[in-house]
Amino acid sequence: MKLSVLIFASLAIAIVSVSACTLEDKISLCVTQEENIESYIANKYADSTVVVSEHGISRVVMVHGIGNPAQAGDSVLFSYQGYTFENGPGNQFAEGTVKSRLGNGSLLSGLDEGMAGMMRGEEAYIIFSARYGFFDQAAGSVVPMTPLIYYVKLEDIYK
């Protein structure tokens, strides 16, 4: 009981602290997160295939896929595990299998943009700052301004 009260109080303090920050402070934090993500990838995955999108979302390919790459407008079927990014996968907050259309706004923008270019059977880490995740909103156990890392397996692409 005491532990759950302590956790709730800590989350409440984190949410209040983040909400008191200016937009400029939040963007600055996202830039720092993006630098940390770049450093993590350079140190841990120097010999891996890494794709960086226009907005800096990183995809580290663990298993290469085959066929035509997914693009905006395609429906994709994928399984995933979502983690907070803590210099690597931190606490897992979600997992499942989803069918969604890329580019229609139904996914987090980091996940949506990070999956563009993946091929059927590809498995990859998609890593992005809070800017492309939940930003300054809490989502379940994910506190505001948290960078995220997803492990995604693209099962199928429907053109």
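The values are calculated or read from the model by the stated rules, or taken from the named source; none is laboratory data. Keep in mind that this is a model prediction, so the values were computed, not measured. Quick reminder, even Gly has a Cβ in these numbers, built from the backbone with ideal geometry, and neighbours come from all protein chains shown.
Just one of 50, 60 is part of a strand (DSSP E or B), of a type in the set (A, V, I, L, M) and in contact (Cβ under 8 Å) with a residue 24 or more places away in the chain; which is it? Testing whether each residue is part of a strand (DSSP E or B), of a type in the set (A, V, I, L, M) and in contact (Cβ under 8 Å) with a residue 24 or more places away in the chain leaves just 60. Listed conditions (1) modelled with pLDDT under 95; (2) assigned to a strand (DSSP E or B); (3) not β-branched (Val, Ile, Thr) are all met by residue 6, apart from (2).
Report yes if some residue within region 38-46 is out of contact with any strand residue (DSSP E or B) (no Cβ under 6 Å at 6 or more places or on another chain) and hydroxyl-bearing (Ser, Thr, Tyr); otherwise report no. Walk me through how you get there before you give the answer.
Going through region 38-46, the residues out of contact with any strand residue (DSSP E or B) (no Cβ under 6 Å at 6 or more places or on another chain) turn out to be 38-40, 42-44, 46.
Next, from what is left, pick out any that are hydroxyl-bearing (Ser, Thr, Tyr): 39-40.
Checked against the condition, which is being out of contact with any strand residue (DSSP E or B) (no Cβ under 6 Å at 6 or more places or on another chain) and hydroxyl-bearing (Ser, Thr, Tyr), region 38-46 yields at least one hit.
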